[in-house]
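Peer 1: This is the structure I want to talk about, given as C-alpha cells.
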Amino acid sequence: MNVINSYISPGIARWKRKGASIKYLKKSAISIPAIFLKSTKKTKNLFLIASGFHLEETSGPIYLLDSNQSYSNLKKILKFSNIVLLPVVNQRGLKYKETDSDNYLRYNDRGINYNTRWGSSSEKCVEVTLIEKYIIQLFAKYNIVFVLSLHEDSTEFKKGYLWMNSLDLKIRNLIQNYVKNRISPKILRRLRKIGLRQGFIENNFTIVDSKDDSFENFTSAILGIPTLISEAPFGLSLTQRIFFHKTVLNSIPFKKILNTH
C-alpha cells in the first residue's frame, strides 16, 4: 500500500478542523477528495492546486494533505482567493507501494497514463473524466486565476525544474528569480530542448508553453488559465522535495497575477 494512504484520512480531518469543505468525486469504487478553502473575503477568484498523478511521486500529495505544512503557505492567498486542492488524482496507485512498477503507479489497468488524454475525446482514466467535469463546473462558477501542479520527475534523479504555460514574461521571471535565489544550483536541472514538443527553455530550468495532452495543457491551452508545474527533485529526502514545492508555491506573485488576469 502506498505511503500516501496514511496521510489521507488524518489529512482530511485536519483540513475540516481548519474550516475546509470536502467534496468527493465518485464513480463506483473511485472517490477523489477535493478540498475547498474559502477566502477570507467575498470573491469569485479561485486558485487550483493538483497533485498525485503518478504515485511514485509522493511529495506533492503529502504536502497538500498535511495542513500543518501547507496551510501557512496558503493562508496569504486566502486573503485574495478561494483555493481548491486535489491532492491525489490517481486512485489506483494507492493500492501499491511507491517503489512498485510504473505500470501500477502511473497507469490504470488499461495501460493509460493518468496525465494523458486530458481534454480529449479518447478513452481516458475514470479519474481524469471526473476531475475534468469538476474543473469545468468550477470554471463556470468561479474566476480560476491560477493553477499549480505538483510533480516529481523520476527520470531526472535529484534534479528539480519548472514548467510554465500561459504566463507572461514578467510573471515568469519573478517566479524564476525567487526559486533561483532559494534552491541550490546543484538541484535546479539544466534543461535541454531534445524531445520537447513545441515550447522553449528559459533560464535553463524552465520549460515554457510546451504542448501535450496533460492536465496542465488542459488547464492552460484549453481553459486559458495560467499554469505552473513544480517538478521536485525525485530521489532527495521528503523534506527537501516538499521544500521545493513550498518554494515554488511561495514564488507565485499572486497580487500581480490578479492585476493582469
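Peer 1: With θ taken as phi - 60° and the coefficients 6.51, -1.76 and 1.60, list the Karplus ³J(HN,Hα) couplings across segment 161-170 in order, rounded to whole Hz; mark glycine and proline as x.
Peer 2: Once θ is set to phi - 60°, the couplings for segment 161-170 become 7, 10, 10, 9, 10, 6, 10, 6, 4, 4 Hz.
Peer 1: Oh, and also: Using a simple spin-label model with points 7 Å from Cα along the Cα→Cβ vector, what separation in nm is obtained for SER31 and LEU258?
Peer 2: Distance between the two pseudo-spin positions: 3.5 nm.
Peer 1: Then there is this: Tell me the mean residue ellipticity at 222 nm calculated for the chain from its helices only (DSSP H runs of n ≥ 4, each -39500 (n - 2.57), averaged over every residue, nearest 500).
Peer 2: -9000 deg cm²/dmol
Peer 1: Now for a different question. Report, in listed order, any pair from LYS76/LYS180; LYS16/LYS97; LYS170/LYS246; LYS141/LYS246; LYS18/LYS79; LYS97/LYS159 with a Cα-Cα distance greater than 25 Å. Intermediate values should be presented prior to the final figure.
Peer 2: Values: LYS76/LYS180 22 Å; LYS16/LYS97 27 Å; LYS170/LYS246 21 Å; LYS141/LYS246 28 Å; LYS18/LYS79 15 Å; LYS97/LYS159 22 Å.
Violating the 25 Å Cα-Cα cut-off are LYS16/LYS97; LYS141/LYS246.
Peer 1: Can you sort VAL89, VAL126 so the residue with the fewest Cβ neighbours within 10 Å comes first? Don't skip to the answer; put the middle values down first.
Peer 2: Details: VAL89 25, VAL126 17.
Result, fewest neighbours first: VAL126, VAL89.
Peer 1: Scan (i) 79, 47, 36; (ii) 45, 45, 38; (iii) 52, 44, 31 for the value of Cα extents along the principal axes in Å calculated from this model and give just the label.
Peer 2: (ii)
Peer 1: Quick check: from the Cα gyration tensor, does segment 148-198 come out rounded (a/c under 1.5), prolate or oblate?
Peer 2: oblate
Peer 1: Next question, about the same structure. With a ≥ b ≥ c the root eigenvalues of the C-alpha gyration tensor of segment 118-215, is it rounded (a/c under 1.5), prolate (a/b larger than b/c) or oblate?
Peer 2: Working: a/c = 2.08, a/b = 1.58, b/c = 1.32.
Because a/c hits 1.5 or more and a/b exceeds b/c, segment 118-215 counts as prolate.
Peer 1: State, to one decimal in nm, how far the label point of LYS186 lies from the label point of ARG17, with both points 7 Å from Cα in the Cβ direction.
Peer 2: 3.8
Peer 1: Summing Lys, Arg as +1 and Asp, Glu as -1, what charge do residues with Cβ under 10 Å from the Cβ of VAL208 carry, VAL208 excluded? Before the final figure, lay out each step's value.
Peer 2: Details: positive: ARG172; negative: GLU202, ASP209.
Overall, the nearby charge balance is -1.
Peer 1: Among MET1, MET164, which comes first, second and so on when ranked by fewest other beta-carbon atoms within 10 Å? Write down the numbers at each step before the final one.
Peer 2: Details: MET1 10, MET164 23.
Ascending number of Cβ neighbours within 10 Å: MET1, MET164.
Peer 1: Something else about it: Computed FRET efficiency, Cβ-Cβ of LYS79 and PHE139, R0 22 Å: what is it to the nearest 0.05? Walk me through the numbers before you get to the answer.
Peer 2: Working: r = 22 Å, r/R0 = 1.02.
It comes out at approximately 0.45.
Values quoted throughout were computed directly from the atomic coordinates according to the rules given, and no laboratory measurement underlies them. Predicted model, so just to flag it, every value in this text is computed and none were measured. Ideal geometry is used to build each Cβ from the backbone, glycine not excepted, and the neighbour counts take in all protein chains shown.
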